[in-house]
Amino acid sequence: MACRLGKPRGHHRVTVPHRDLTAVLGGGDASLLFNPAAQEGDRNRDRDHDRGPQPASHAWTSSRNDFGLQRGHRPILARRPSLYSGSMSLLTVTNIRHTYGTRIVLDGVILSVERGEKIGLVGRNGSGKTTLMRIIRGDMEPDSGSVQLQKGARIGYLSQHPEFEENDTVREAAARAFARLNALHEELNGVFEDMANADEKALERLLKRQADLETEIGSEGGYAIDHKIDATLLGLGFTDAQVIQKVSTLSGGEKARLGLARLLLESPDMLLLDEPTNHLDIDGRKWLEDFLANEYEGAVLVVSHDRWLLDRVVKRIVEVERGVLRDYPGNYHDYINLRQERMLTDSRKHAKQLDKIRSEEAFIRKFKEGQRAKQARGRASRLERFKEQELVERPMELDVMRLKLPQPPRVGDILISSEGLEQKFDERVMFENFNIVVRPGDRIGIIGPNGIGKTTLIRTLLGDIECVSGEIRKSPRLSVGWFRQNQSHIDLSLTVWEYLQSVIVSNDGDTRASEQQARDLAGAFLFSGREQDKKLELLSGGERARAVLAGLVSAAHNLVILDEPSNHLDIPAAERLEQALTSFGDKGKHGGAMLLISHDRALLESTCTQLIVFDANGSLEIFQGRYSEHLALKEAKAREHEQDKARRKKRPTGRVARNKGERKTKKRKDPLERMSLKALEKRIEQFEARLSEIDDALAEPEIWKDHQACERLQNERVKIREDLEPIEFEWSRRAEED
């Protein structure tokens with residue numbers, strides 16, 4: 001869904017009282033257009049002007065002070081250009097404040113986004129990321145502050161429930177992204193038809209309109225939209241068979257992917273993406289990364305738990321923490337390093353300030369009565385001001401998780417194995433002749449396209465589904481813990497710590513862990529003291545998944561199976577899970593084995609030392625090594641295949657080339673065929689006149705001193721020659737026929 005500031009041509013404007021909104025009415029989704037320069041925003045800017053210049057959007061910016069950070073450490077945080085100097089940014093967010101009840105979610109947030117800038121928005125679940133995104137796109141009104149968008153700029157965002165014409169095919173639904181381009185093509189065809197019977201005066205006007213339309217068509221994507229549609233749908237995981245399916249037959253995840261495809265094809269000036277990889281397999285994620293990093297020229301503000309995407313696409317990270325934004329230059333890897341430095345600095349200062357507070361409080365208690373009572377009261381007042389204005393808050397998540405996992409029951413050398421395993425589903429062979437041996441300490445990732453059979457393989461190995469053929473052997477002491485997407489088996493009336501106490505085994509071998517052990521485990525998985533006392537039924541999906549995972553890895557199973565465990569986890573929680581799983585596969589620390597189904601490449605890379613790889617054709621292989629090694633090998637094979645194909649490729653014969661041309665002509669009639677001979681001659685004269693002007697200009701010695709002007713003229717000359725060639729060919733063909 002794309003938003004354009006201002007009234008588009010050929011559309012209606014509808015005013016919405018909540019916030020000066022407009023809607024584009026027509027085919028496909030209604031696209032919401034918002035005007036951030038509404039009255040409330042104007043009042044805020046007037047008030048800001050009265051106060052004088054405001055702070056630039058550098059480091060993290062808010063209405064709070066900087067909590068006493070030492071000047072020597074300020075360069076840790078990124079500095080952004082001032083919002084009030086030079087040309088206006090593509091997007092400017094000024095002093096946004098928003099609360100839910102008494103809880104402050106955003107506290108004086110300032111953010112600027114420049115054209116073409118790629119930004120990752122990160123933070124704990126519930127920190128305010130989605131709230132900020134909703135405010136930017138106009139779905140939510142903040143308590144105060146304003147959002148400004150450059151005039152004429154379009155913001156595109158993906159609705160949680162994208163709307164389609166249910167009778168459209170997948171390809172037709174994606175093509176609706178080019179509704180404006182299709183309208184331009186229709187108008188251009190009408191111009192060509194009018195040229196056939198136009199007099200000289202009308203022809204002059206039509207030729208000018210033709211040139212204008214061709215320029216607009218070029219800026220909107222030209223004639224290459226068929227290729228763009230096919231490449232985008234294929235990149236996001238739609239097969240040739242799915243492309244011709246009706247939209248009404250798609251699942252929710254497939255519709256989400258189709259909505260993303262349509263949004264990318266619309267190519268707005270800025271994309272707001274909230275977890276865009278949720279329904280994408282690994283190949284889809286790689287394609288999206290490449291598109292955003294190398295092809296899409298607009299700005300991007302993306303919320304994602306996919307750390308590989310954040311590493312490869314963004315050049316700036318903005319973190320939402322405690323209601324304010326902290327700004328870091330670079331990708332996710334750079335952010336982690338810089339954030340750790342800042343947290344260490346804050347931690348040291350926080351400790352020093354606590355020492356100072358304890359010292360002052362001791363003085364006040366000692367001398368609150370007697371001769372020095374007045375001095376004690378003065379110190380008490382200053383201490384309160386210090387706590388309110390200068391105290392550095394204790395950094396979040398500074399410590400590395402220290403988690404001692406209980407040892408599972410001892411088993412032999414093999415936990416589970418298969419030989420000649422085959423499975424079918426509705427006559428479709430999902431895998432065949434599959435052999436594997438899972439031993440204690442193995443950490444095995446299972447990767448492949450959506451719906452290829454990864455979960456079916458696990459269920460077959462465990463005996464949940466009977467295999468078509470083959471043999472499976474399991475250790476008699478095998479204990480399996482399985483994290484599934486559906487967690488209906490847990491008792492939601494328990495608190496977090498009560499649930500963990502009920503499922504984990506204590507480190508000293510008792511069957512039931514103590515309350516303190518359960519609370520320590522909850523803390524290791526980022527549950528605060530207050531959150532540990534919450535009932536599971538009150539937790540969000542991500543919090544509940546975190547609690548279940550904490551219990552699973554600490555329940556002394558000797559085989560743990562994880563099916564997309566990071567889907568609902570924020571990045572800090574996913575990193576804690578990584579640390580636990582790395583310990584889990586260490587024979588010295590735990591001795592269990594792990595099977596992990598995941599599209600999270602960072603999780604696969606850090607935890608798995610083997611891979612079971614499904615490809616799109618259903619073949620199955622075991623790769624000994626990490627994900628990055630598998631990826632490098634796969635890319636090397638692809639390059640070798642392309643080089644081999646290029647060497648063997650032969651130039652088509654003249655007859656084949658003519659046949660291809662004939663088929664193409666039948667598919668779409670050449671617009672030049674609709675022009676009269678007189679119109680063709682007029683167009684040739686215009687091009688030749690401009691070529692003569694360019695040649696005269698290039699003949700002047702002075703022009704060669706201005707390299708940019710010279711290059712511009714040469715490029716224009718090449719473009720005119722390219723445009724002139726088909727017109728001259730058509731004119732010659734007509735002249736011969738006459």
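Every number in this text was worked out from the coordinates using simple rules, so none of it is lab data. Note that this is a predicted model, so its numbers are computed, not measured. No Cβ is skipped: glycine too gets one built from the backbone with ideal geometry, and neighbour counts run over all protein chains shown.
With just the Cα atoms defining each centre, how far is region 316-383 from region 629-648? Give it in Å.
Centre-to-centre distance over Cα atoms comes out at 55 Å.
Within 10 Å of each residue's Cβ, count the other Cβ atoms and sort VAL314, VAL480, VAL247 from fewest upward. Intermediate values should be presented prior to the final figure.
Working: VAL314 26, VAL480 16, VAL247 19.
With the fewest neighbours first, VAL314, VAL480, VAL247 line up as VAL480, VAL247, VAL314.
What FRET efficiency comes out for the pair GLN714/LEU677, r = Cβ-Cβ distance, R0 = 22 Å, nearest 0.05?
Values: r = 31 Å, r/R0 = 1.43.
According to the calculation, E is roughly 0.10.
How are the Cα pair distances of region 540-648 distributed, in percent, across 10 Å bins from 0?
13, 39, 28, 13, 6, 1
Quote the FRET efficiency, to the nearest 0.05, computed for GLU621 versus GLN643 with a Förster distance R0 of 22 Å and r equal to the Cβ-Cβ distance. Can you show the working numbers first?
Details: r = 23 Å, r/R0 = 1.04.
With a Förster radius of 22 Å, E is 0.45.
At a Förster distance of 45 Å, what's the computed FRET efficiency of GLU114 paired with VAL613, Cβ-Cβ distance as r, to 0.05?
Efficiency, from the Cβ-Cβ distance: 0.65.
Expressed in nm to one decimal, what extension gain is obtained for the pair LEU383 and LEU631 from 0.36 nm per residue of sequence separation less their Cα-Cα distance? It would help to have the intermediate numbers written out before the result.
On the way: separation 248, 0.36 × 248 = 89.28 nm, distance 5.75 nm.
Contour length minus Cα-Cα distance gives 83.5 nm.
If you take every DSSP beta bridge fully contained in region 416-634, what fraction is antiparallel? Give it as a percent rounded to 5.
On the way: 18 of 35 bridges.
Of those bridges, close to 50 percent are antiparallel.
How many nm is it between the label spots at LEU234 and GLU422, if each spot is 7 Å from the Cα in line with the beta carbon?
3.3 nm
log₁₀ I(q)/I(0) of region 416-634 at q = 0.13 Å⁻¹, via Debye over equal Cα point scatterers, no solvent, to two decimals?
-0.77
Residue by residue, what Karplus-based ³J(HN,Hα) values in Hz, rounded to whole numbers, does region 431-436 have, using 6.51, -1.76 and 1.60 with θ = phi - 60° and x for Gly and Pro?
Rounded to whole hertz, the list is 6, 8, 6, 8, 10, 8.
Can you give the local net charge around MET133? Use residues other than it whose beta-carbon is closer than 10 angstrom to its beta-carbon, Lys and Arg +1, Asp and Glu -1.
On the way: positive: LYS129, ARG134, ARG137; negative: ASP139, ASP274.
Once positives and negatives cancel, what remains is +1.
Let me know the charge dipole size of region 675-737 about its Cα centre in debye, to the nearest 20, where only the beta-carbon of Lys, Arg (+1) and Asp, Glu (-1) is charged. Please report the intermediate quantities before stating the final value.
Working: 11 positive and 18 negative charges, 44 e Å.
About 220 debye.
So what's region 344-389 giving for Cα Rg divided by 2.2 N^0.38 Å, two decimals?
On the way: Rg = 12.2 Å, N = 46, 2.2 N^0.38 = 9.4 Å.
Rounded to two decimals, the normalised Rg is 1.30.
How do ARG626, ARG712, ARG530 rank when sorted from fewest to most other Cβ atoms within 10 Å of their own Cβ? Don't skip to the answer; put the middle values down first.
On the way: ARG626 18, ARG712 12, ARG530 7.
The most exposed by this proxy come first: ARG530, ARG712, ARG626.
Give the distance, in whole Å, between the Cα centre of region 523-562 and the Cα centre of region 201-258.
If you average the Cα positions of each part, the centres end up 46 Å apart.
State log₁₀ I(q)/I(0) for region 675-737 at q = 0.15, 0.23, 0.30 Å⁻¹ as given by the Debye formula over alpha-carbon point scatterers of equal weight, solvent excluded.
Scattering profile of region 675-737, log10 relative to I(0): -0.53, -0.89, -1.21.
May I ask you to evaluate 6.51 cos²θ - 1.76 cosθ + 1.60, the Karplus curve with θ = phi - 60°, for each residue of region 524-534 and list the ³J(HN,Hα) values in order in whole Hz, giving x for glycine and proline?
Each residue of region 524-534 in turn: 4, 9, 6, 8, 6, x, 5, 5, 5, 8, 6 Hz.
Please give me the summed charge of the neighbours of ARG209: other residues whose Cβ is under 12 Å from its Cβ, Lys and Arg +1, Asp and Glu -1. Don't skip to the end; give the middle numbers.
Working: positive: ARG205, LYS208; negative: GLU187, ASP194, GLU204, ASP212, GLU214, GLU216.
Within the 12 Å Cβ shell, the charges total -4.
Please compute the contact order of region 416-634 in relative form: average sequence separation of alpha-carbon pairs under 8 Å and at least six residues apart, divided by the residue count, as a percent.
On the way: 390 pairs, mean separation 59.5, N = 219.
So the answer I get is 27 percent.
Take every Cα pair under 8 Å in region 140-248 that's 6+ residues apart, average their separations, divide by the length, and report that relative contact order as a whole percent.
Working: 52 pairs, mean separation 51.2, N = 109.
Result for region 140-248 is 47 percent.
Looking only at region 266-365, where both bridge partners belong to it, what percent of the DSSP beta bridges are antiparallel (to the nearest 5)?
55 percent
On a C-alpha basis, how far is the centre of region 415-443 from the centre of region 110-135 in Å? Whole number, if you could?
Between the Cα centres of region 415-443 and region 110-135 lies a distance of 44 Å.
Going toward the positive end of the dipole of region 519-569, with +1 on Lys and Arg Cβ and -1 on Asp and Glu Cβ, which of VAL548, ALA522, SER566 do you reach last?
ALA522
Stretch LYS356-ILE703 to full length: gain in nm at 0.36 nm per residue minus the Cα-Cα span?
117.8 nm
In whole Hz, what ³J(HN,Hα) sequence does region 151-164 give by Karplus (6.51, -1.76, 1.60; θ = phi - 60°), x for Gly and Pro?
4, x, 7, 10, 10, x, 8, 9, 5, 5, 10, x, 9, 9
Using only the alpha-carbon atoms of region 86-186 as identical scatterers, what base-10 log of I(q)/I(0) does the Debye formula give at q = 0.10 Å⁻¹?
Scattering profile of region 86-186, log10 relative to I(0): -0.42.
Farthest toward the dipole's positive end in region 344-389, which of ILE357, GLN375, THR345, given Cβ charges of +1 (Lys, Arg) and -1 (Asp, Glu) about the Cα centre?
About the Cα centre, the residue reaching furthest to the positive side is GLN375.
Would you order MET195, MET88 from fewest to most other beta-carbon atoms within 10 Å of each residue's own beta-carbon? Kindly include the intermediate steps, with their values, before the conclusion.
Working: MET195 22, MET88 13.
Going from least to most buried by this count: MET88, MET195.
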